[in-house]
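Below you'll find the structure, written out as structure tokens, and then a few comments.
The values are calculated or read from the model by the stated rules, or taken from the named source; none is laboratory data. Keep in mind that this is a model prediction, so the values were computed, not measured. A quick note on method: Cβ atoms are made from the backbone with ideal geometry, for glycine too, and the neighbour counts reach across all protein chains shown. Ligands, DNA and RNA are stripped out before the accessible areas are found, and what is left, the full protein with its side chains, is counted by its heavy atoms. Shrake-Rupley method; radii C 1.70, N 1.55, O 1.52, S 1.80 Å.
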Amino acid sequence: MRSAPPHILLVNPWIYDFAAYDVWAKPYGLLLLAGMLRYNGFPVSYMDCLDRFHPRAKPADPAARNGRGPYLKTRISKPDGLEDVARNYSRYGICPEWFREDLFHMPRPELILVTSLMTYWYPGVTAAVRELRTAFPDVPIILGGIYATLCPDHARQTTGADAVITGNAYERIFSIIEEFTGYASEPRFDPAEPDAWPWPAFDLQSRIGYVPLLTSLGCPYSCAYCASNRLQPLRILRSPESVFREVRHWQKNFGVTNFVFYDDALLVNARSHAMPLFEQLIESGMTFQFHTPNAVHIREITKETTSLMAQAGVVTLRLGLESLDFKNRHMDQKFKREEFFRAAACLREAGFKGDRMGAYLLVGLPGQDMAAVEADIRMVKQNGIKPILAYYSPIPHTAMWPAAVRASRYNLEADPIYTNNAVFPCQPAFNWKQLSRLKQMAAE
């Protein structure tokens, strides 16, 4: 058994896709692991292939568009089977030579942890693993994250990682380190108590444009198109006090004003969870800007919650609408039609309007009637809410997956690359002109 903790490198890989933009997207799980390891005395390094503020990149304003912004983009060849897609395919993120130089100048790691997000982004994961293997041929590379959890067999066969772990790694990270490095360590915090977790190591980034927050993990609903319950089977809550302390930490010590809720169910049981947090934020007298890109549940929108959110500084509110076609609404049962109208009225009364208030509408579902989408767009706009088209991506292990496989013009089970929502895989002959009309309707 070794006596000194090993140096661990954590890597966020490139995105390979038809389109990508930093819309409050950070590898929360990876940076949470970095925070836990650092708290336990491990020397850690972080490499972000998507780093918009890399020292060799053109200067970018971290405050522009509330911390969001474009990635560096390099056009590359389209994947096999998608050559007929009438869009350019690109690598998003830093230049590979920058990555190689950074690896060359860093201390040699003894274990490398790589994360993964969308299933169809795996080519970027494979490219990152290949570069890491060249730089450190004898260092174990462990792959985790969403793609690794949803498509573990494909990840083992394709990426070149030494091991693929599924689910939340924070529960097993110290045993994984011992297995691959021989260093045994007991956590200095309680892994079963989320309020005891060290905060994610967002300070390892080149610059902090915004900070993601998780006040809870998991979701009580089981929507047919969503893999939330597969990725996080248990519902875990942090205390409002713990979340408030974290927000205060990032603002006082790093000057952060933009915070992004990553929760799948932020407003569920709001009286004991979200509302006390908003009240503490209001009472603090500090200035914040909060965003909810993962959407909030419409059923939980009331006069009380909307008033508190407005006072606390929620400036970007997104609703998980999906569809108002209740005659064919088999994919979820999160709300009733009248609850949407009530929620819209509450939001307008609280002062939400314009780009501050949007509702996601799913487009590209198996067998979806596009006329119903047009009707949804009109109804959403009539209620003073901005329609936001969310393109459906088929996800393995979800209830809708078998229907997606049957409807798709691609062999979804053969390769996750075909689940890319940019190609509308579940529309037998997708009409790009029709999509343009829907986008124009939503934007008018």
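Looking across 224, 184, 192, one residue alone is without any contact (Cβ under 8 Å) to a residue 40 or more places away in the chain, aliphatic (A, V, I, L, M) and outside any helix (DSSP H, G or I). It is 192. When 287, 302 are checked against the criterion of being among the β-branched types (Val, Ile, Thr) and closer than 21 Å to residue 254 by Cβ, a single residue qualifies: 287. Could you list all residues from region 39-71 that are farther than 20 Å from residue 259 by Cα and either open to solvent by 80 Å² or more (accessible area, probe 1.4 Å) or free of Cβ contacts under 8 Å to residues at least 12 places away in the same chain (or both)? 39, 55, 56, 58, 59 - these are the residues of region 39-71 that are farther than 20 Å from residue 259 by Cα and either open to solvent by 80 Å² or more (accessible area, probe 1.4 Å) or free of Cβ contacts under 8 Å to residues at least 12 places away in the same chain (or both). Residues considered: 120, 92. Of these, the only one that is among the hydroxyl-bearing types (Ser, Thr, Tyr), at pLDDT 95 or above and closer than 15 Å to residue 71 by Cβ is 92. Residues in region 184-218 that are open to solvent by less than 60 Å² (accessible area, probe 1.4 Å) and of a type in the set (A, V, I, L, M, F, W, C): 184, 189, 196, 197, 201, 202, 204, 208, 211, 213, 214, 217. Within region 354-375, the set of residues being in a helix (DSSP H, G or I) and surrounded by 20 or more Cβ atoms within 10 Å (Cβ to Cβ) comprises 373 only. Scanning region 160-181 for residues that are more than 30 Å from residue 66 (Cβ to Cβ) and at pLDDT below 95 turns up 167, 171, 172.
Considering only residues that are farther than 23 Å from residue 18 by Cβ, surrounded by fewer than 20 Cβ atoms within 10 Å (Cβ to Cβ) and in contact (Cβ under 8 Å) with a residue 12 or more places away in the chain, which ones fall in region 145-157? Listed by number, the list holds a single entry, 152.
Taking region 336-353 as the search range and keeping residues that are closer than 19 Å to residue 378 by Cβ and of a type in the set (Phe, Trp, Tyr), which one is least open to solvent (accessible area, probe 1.4 Å)? My answer is 340.
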